[in-house]
1. Which angle between 0 and 90 degrees, to the nearest 10, do you get for helix 42-58 versus the longest principal axis of the chain when only C-alpha atoms count?
2. Could you give the length gained on full extension between THR4 and ARG63, defined as 0.36 nm per residue of separation minus the Cα-Cα distance, in nm?
3. Calculate the length of the line joining the C-alpha centroid of region 1-32 to that of region 39-66, in whole Å.
4. Relative contact order, percent, of the chain when contacts are C-alpha pairs under 8 Å separated by at least 6 residues?
5. I'd like the FRET efficiency for LYS51 and SER18, computed as 1/(1 + (r/R0)^6) with the beta carbon distance as r and R0 of 22 Å, rounded to 0.05.
Amino acid sequence: MEGTIQCSANYVPLSPLSFLERAAFVYGGKESIVYGSTRYTWRETHERCIKLASALSQLGINRGDV
C-alpha cells in the first residue's frame, strides 16, 4: 500500500498464530493443504493446530521447551 500511512485501519502485523486464525476466519472453506489425495481447508488446519497444541500442553510441554 504505497503512499499510505500504516495504522490499525489498514495494517495489522501477523504472527503465525494470528495469521492462522485470520485465514481460518476469512478463507475457512478454501484449501490450505493439498498433499496427494489429502486435502484440508483453512478451518480444518486451524482446528488441527489447536488439537496439537492441546495435546502438547496435556503432555506438559510448555513455551520454551525443546
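1. For 42-58 against the chain, the angle is about 50 degrees.
2. Details: separation 59, 0.36 × 59 = 21.24 nm, distance 3.68 nm.
This chain segment gains 17.6 nm when fully extended.
3. Cα centroid to Cα centroid, the span is 21 Å.
4. Numbers: 37 pairs, mean separation 13.5, N = 66.
Relative contact order comes out at 20 percent.
5. Working: r = 19 Å, r/R0 = 0.84.
Computed FRET efficiency for LYS51 and SER18: 0.75.
Since every read-out is calculated from the coordinates, none of them should be taken as a lab result. Computed from a predicted structure; not experimentally measured. Note that we place each Cβ from the backbone using ideal geometry, even for glycine, and neighbour counts take in every protein chain shown.
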